[in-house]
1. For the stretch 32-117, which GluC sites (Glu not before Pro) pass both filters: DSSP loop (anything but H, G, I, E, B) and at most 16 other C-beta atoms within 10 Å?
2. Read phi for every residue in the stretch 37-49 and hand back ³J(HN,Hα) as whole Hz from Karplus 6.51 cos²θ - 1.76 cosθ + 1.60, θ = phi - 60°, with x for Gly and Pro.
3. Using alpha-carbon positions, what is the distance between the centroids of the stretch 65-112 and the stretch 36-58, in Å?
4. Would you list Leu87, Leu25 from fewest to most Cβ contacts within 10 Å?
5. Expressed as a whole percent, how much of the Cα-Cα distance distribution for the stretch 32-124 exceeds 23 Å?
6. Take a quick pass over the stretch 31-95 and tell me how many lysine pairs come in under 15 angstrom between Cα atoms, counting only ones 8 or more apart or on separate chains.
Amino acid sequence: MCRLLFYVCALMTLSFCGSCKNDELDASSKITKEEYVQLVDNARQFALERESSLKENDKELIKKSEPNFSVYYTGAKYGQFFLTWNLTEGKILTVAGGGYLNRKESLLRTNLKLAAKDGASPGK
């Protein structure tokens, strides 16, 4: 009986967690323009501090250009995000993270990837 109850609870939790889609959230549950700007600024700073192989012109692109932004909300101002910059020499820089998107701590779990668009290693 306890196992059955456990499985029912687990199934209900999975159903609830998967039901929160971006288009179903009201505006107050999504990050504001100001919070987006702060998220991008934090991601820029993080990328520039962590990625030592960036060339100066790539650093300038990151500082000045607007990244592509995609987000998957799993709750109010909570979810996963991806910020992508197209750099020189066909490279792409992606900063990805998750958590509360309106807090700097969301970047603590950020992954930074630098890869050539064609799948080759950068610098080759």
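Quick note: the coordinates plus some simple rules give every number you see, no bench work behind them. Quantities reported herein were computed from a predicted structural model and do not represent experimental measurements. With ideal geometry, Cβ positions are generated from the backbone for all residues, glycine too; neighbour counts draw on all protein chains shown.
1. On the way: sites: Glu34, Glu35, Glu49, Glu51, Glu56, Glu60, Glu89, Glu105; in loops: Glu51.
Of the GluC sites (Glu not before Pro), the ones in loops of the stretch 32-117 whose Cβ has at most 16 other Cβ atoms within 10 Å are Glu51.
2. 4, 5, 4, 5, 4, 4, 5, 4, 4, 4, 5, 5, 6
3. Measuring centre to centre over Cα atoms gives 11 Å.
4. Details: Leu87 21, Leu25 16.
The fewest-first ordering by Cβ neighbours comes to Leu25, Leu87.
5. Working: 952 of 4278 pairs.
Tail of the P(r) past 23 Å holds 22 percent of the pairs.
6. On the way: Lys33/Lys77; Lys55/Lys63; Lys55/Lys64; Lys55/Lys91; Lys59/Lys91.
Qualifying lysine pairs in the stretch 31-95: 5.
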